[in-house]
Amino acid sequence: MPPLQLGGRSFLISWDDLTFPAAGAVALHLVWIFVDTSREAEYIIERRRLHQGLLVADATLCTIVSLIDVAIAVLAAQGSIMEKRRHERLLKFLVPPRMLCSILLFSIYTYAAFWIWEQRLAEFRMVRERDLLGWGAVDHRPWVTVLFEVIMLLRLFVVIPGACFMCAVLIPREKHATIAKGNIQRVLTFMGVGNEVVAELIGVLMTVFGQGTSDLVVPSDLLFGLALVSSRQYQGSLHCDELLDDEDHWDTTDIEDDMNKRARTTSTPRMPPSAVRASMIAGVNQPPVLLSAEREKDVTALQEITHYVTYAIAIYGAGMEFFTSTTYRHSSIPSPSALRRRVCDALRCCSRRRRGGELGVVLGDCCGCNQDAFRRLLREHADRHGEKESELLWGTWENRGPLSAPPFAAVLDHARCTLVVAIRGTMDIKDCIADLRALPAFFDPLGMAGDDASREGPFDDETDFFAHSTVIACAKDCLERLDEAGALEEALAPGGRAHGWSVVITGHSLGAGLATVLALMLRGAGRDFSDRVRAVCFEPPGGLLSKQLSDLTGKLGFVSAVCANDWISRLSIRGVQDLRERILDELEACDRSKWQLTMLMISRLARKSAVMPLPKYLCCCACLGKPLANMFLRWGGGPLRSRSGFGRPPARHGLSVLRKDAPPPTGASFALFNELWPPSRVIYFRPTALEWWCFGSYQLGREWTAEWIDPQDLYEIIVSTRSVELHFPNILRDAYFSAAAQLGVIETDELSKFPDSSDDDDSCSDETSSDVTSSRSLCARKD
């Protein structure tokens with residue numbers, strides 16, 4: 001809905017946003033009316049020598065305010081989200097008396113609170129030994145009296161934050177934009193970011209939000225629109241798997257036939273529709289191809305992924321080692337016993353730390369924790385496979401500020417005769433700035449661009465050569481530091497320790513993007529080893545390379561691993577713009593109000609609690625859970641699954657239909673961004689069997705499979721919390737090894753060699769078995 005217009009100014013709220021504070025204020029004022037009409041209130045007024053008319057005025061004003069709030073809530077809740085309110089004039093008429101009553105109530109509460117406070121201080125100053133609490137000779141229900149006084153004092157502290165919030169919301173949105181830009185600029189300047197970079201970052205944020213969007217919707221509309229998009233993807237708080245039957249899921253026309261066939265095979269039908277919808281790839285140009293143990297390239301690619309993922313994790317240092325070793329396998333839930341054991345091991349290591357005796361030059365690691373963790377993870381990897389331990393040649397954990405390379409290291413991998421360069425991913429604010437500054441820049445390391453190719457923006461998505469500008473800058477810094485240290489030239493030169501070996505550059509997240517660009521730079525550098533350089537990337541950023549460069553990486557033998565609906569590999573400026581336009585279209589098509597959508601969210605929560613293993617045994621949850629869920633579901637207008645169009649969108653989304661009536665936007669901040677894709681060839685890992693922990697609220701993938709996909713298949717951002725967790729390195733590592741074990745590329749007992757906290761901690765095992773049983777009952781009919 002367009003922003004609220006009052007007095008010729010627009011604000012960051014709309015009329016339907018007033019439903020929620022009005023409903024909450026009604027409940028709060030009813031409690032205050034009950035307190036004002038109690039006998040204790042009369043006693044306090046008499047004891048504190050306040051005027052009796054104070055209670056009458058308070059109760060009267062609370063009653064008037066409650067009636068006004070009921071009217072506002074009812075009128076504002078009518079109609080759909082984007083529908084203009086039919087009673088807008090009446091709402092505007094009710095706002096001034098409501099604000100006047102709020103000012104009068106604030107005056108009463110302020111007077112009463114300060115008067116009671118002064119009286120209480122006076123009593124404490126005159127207190128005697130026999131009357132320490134100041135009740136005098138009469139002890140008239142002291143605890144109830146204290147509770148009433150506390151409630152009287154708290155009223156002031158409830159009204160003040162509410163008034164401050166309303167004042168902040170009612171600031172004109174033009175001033176909000178100015179304040180936001182100023183705060184961003186001050187924070188970035190404090191961190192040492194130059195003014196040019198600050199201007200580019202603000203420009204990127206404005207491009208993401210889109211010029212003219214604030215004229216169509218307010219922030220709360222975007223939040224509900226995001227929930228609607230999530231529900232269309234079978235995710236989020238508006239979707240409930242229990243409400244989907246076989247026809248709703250498997251016969252949906254929006255999901256392609258090939259996708260349905262693959263979803264019905266093997267053990268996938270045990271998975272709920274939400275997990276299938278999030279992880280299945282339909283294929284834009286061609287359907288995905290399952291990896292096979294009979295194809296040599298598939299086996300080789302999986303072997304490389306399971307081998308080099310250790311380097312991508314180890315370069316994160318001590319913090320990531322601590323996290324991956326204290327969580328349950330396939331999850332991010334910490335184990336108490338493993339946590340206790342790792343803390344004890346860390347204390348013992350600190351007391352007997354080795355300060356020398358190991359080869360390699362390491363910079364920026366003053367206490368040695370990161371390099372010790374790096375060496376330790378590589379040593380454990382070699383021991384698990386019975387291989388010779390890798391040797392650290394050179395490494396740095398220095399943080400040299402924005403637009404510089406993150407920590408990285410050069411390692412001799414004696415087992416595969418490769419020189420590995422491992423680059424760390426996003427771990428601090430500097431790396432986040434590098435991720436955000438996603439402007440495209442010309443990049444042609446192999447000299448393949450023709451004379452007619454654009455060297456500056458705007459670029460052509462199909463024919464030009466361009467990439468993420470900040471990743472290019474960081475990769476150049478990484479190459480300069482490697483050349484300065486001589487880590488590559490000395491080892492790969494004739495007579496060097498790695499002469500004739502290939503070079504593998506690897507990393508996770510931002511490190512994967514840097515690995516790709518650095519490998520392309522070395523490929524085009526014309527060095528003796530340039531033709532032996534390739535990249536093995538883990539969860540590379542989605543907004544990295546143009547289509548030409550992405551296709552080129554596949555021809556050069558690069559490999560990228562993407563885990564299901566991991567959000568980073570799908571994230572790009574163009575992808576966020578696509579999500580923004582989908583949100584606008586969902587808001588336009590929605591026939592519910594925000595109040596109804598809130599009722600649907602509460603209904604899902606009640607239904608979920610009724611089937612959880614622990615609450616379902618409680619009488620109140622067993623008897624009231626489903627009836628309450630059905631009641632809220634009726635208040636919300638019924639399930640959203642009745643809408644047509646659930647399923648996967650076929651391709652990128654154009655501009656929303658909401659913009660057809662808006663004035664034509666001008667300026668570059670509205671232009672659709674250039675398409676950037678992750679590097680190819682992409683191996684996509686998706687789960688084939690799930691378990692549910694924490695009473696059915698936590699999803700865990702136990703079995704995984706792998707398939708070849710195109711980078712363009714990762715165009716859709718799946719809106720769910722699971723998408724964020726699937727980017728964690730420990731979950732990725734377990735998924736890669738599980739898929740490799742399923743295909744027979746590695747031994748099945750290879751997974752048991754990883755430290756599993758569940759072997760030491762039985763607190764989750766019992767919970768897991770019961771949750772798996774309860775959650776699979778949802779999809780038992782599909783088996």
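Around ALA382, with a cut-off of 10 angstrom between Cβ atoms, what is the net charge of the other residues, counting Lys and Arg +1 and Asp and Glu -1?
-2
So what J values fall out for the stretch 20-33 if you push phi through Karplus, 6.51 cos²θ - 1.76 cosθ + 1.60 with θ = phi - 60°, rounded to Hz, Gly and Pro as x?
Once rounded to whole Hz, the list reads 6, x, 5, 5, x, 5, 4, 4, 5, 6, 5, 5, 5, 5.
Hey, can you grab everything whose amide H is under 5 Å from the amide H of LEU290? Only 5+ residues off in sequence or another chain; H modelled, so Pro and N-termini drop out.
TRP708
Is any residue of the stretch 497-515 close enough, with backbone N under 14 Å, to a label point placed 7 angstrom from the Cα of ALA441 along the Cα-Cβ axis, and if so, which?
Under cut-off, by backbone N: 514.
Pairs of alpha-carbon atoms within less than 8 angstrom and 6+ residues apart define the contacts here; what relative contact order does the stretch 405-505 have, in percent?
It rounds to 33 percent for the stretch 405-505.
Mind ranking 440-446, 490-496 by how tightly packed they are, going by the mean number of other C-beta atoms within 10 angstrom, highest first?
440-446, 490-496
Which whole-Hz couplings ³J(HN,Hα) result when phi for each residue of the stretch 489-497 is put into the Karplus expression 6.51 cos²θ - 1.76 cosθ + 1.60, θ = phi - 60°, listed in order with x for Gly and Pro?
My calculation for the stretch 489-497 gives 4, 5, 6, 9, 5, x, x, x, 6 Hz in order.
For ASN399 and SER107, calculate 0.36 nm times their separation in residues minus their Cα-Cα distance, and state this gained length in nm to one decimal.
Between ASN399 and SER107, full extension yields an extra 99.7 nm.
Of the listed peptides 560-566, 675-681, what is their order by residue-averaged count of other C-beta atoms within 10 Å, with the highest listed first?
Final packing ranking: 560-566, 675-681.
For Cα pairs less than 8 Å apart in space and 6+ apart in sequence, what is the mean separation divided by the residue count of the stretch 504-604, i.e. the relative contact order in percent?
So the answer I get is 24 percent.
Which cross-chain or sequence-distant (5 or more) residues have an amide H under 5 Å from the amide H of TRP704, H modelled 1.01 Å from N in plane?
Hits under the 5 Å cutoff: THR688, ALA739.
Per residue of the stretch 319-331, in order, report the coupling 6.51 cos²θ - 1.76 cosθ + 1.60 (Karplus, θ = phi - 60°) as ³J(HN,Hα) in whole Hz, putting x for Gly and Pro.
Karplus-based 3J(HN,Hα) across the stretch 319-331 equals x, 5, 4, 4, 5, 5, 8, 10, 10, 5, 4, 6, 8 Hz.
Over 29 Å between Cα atoms, which of LYS181/LYS430; LYS430/LYS555; LYS297/LYS547 qualify?
LYS430/LYS555
Starting from the Cα of ARG295, step 7 Å along the direction of its Cβ; do the same at LEU672; then give the gap between the two resulting points in nm.
For ARG295 paired with LEU672, the spin-label model returns 3.1 nm.
Taking 7 Å along the Cα-to-C-beta vector as the label spot, tell me the ALA415-ARG455 distance in nanometres, rounded to one decimal.
It works out to 4.7 nm between the two label points.
How long is the gain from ILE429 to LEU90 if the chain were fully straight, where each residue apart is worth 0.36 nm and the alpha carbon distance is subtracted?
117.2 nm
May I ask what percent, to the nearest 5, of DSSP beta bridges between residues of the stretch 467-579 are antiparallel?
10 percent
The numbers here are math on the coordinates, done by the rules we state, and not lab data. Bear in mind that the values here come from a model prediction, so they are computed numbers and not experimental data. When we count neighbours, we look across all protein chains shown, and the Cβ atoms used for this are built from the backbone with ideal geometry, even at glycine.
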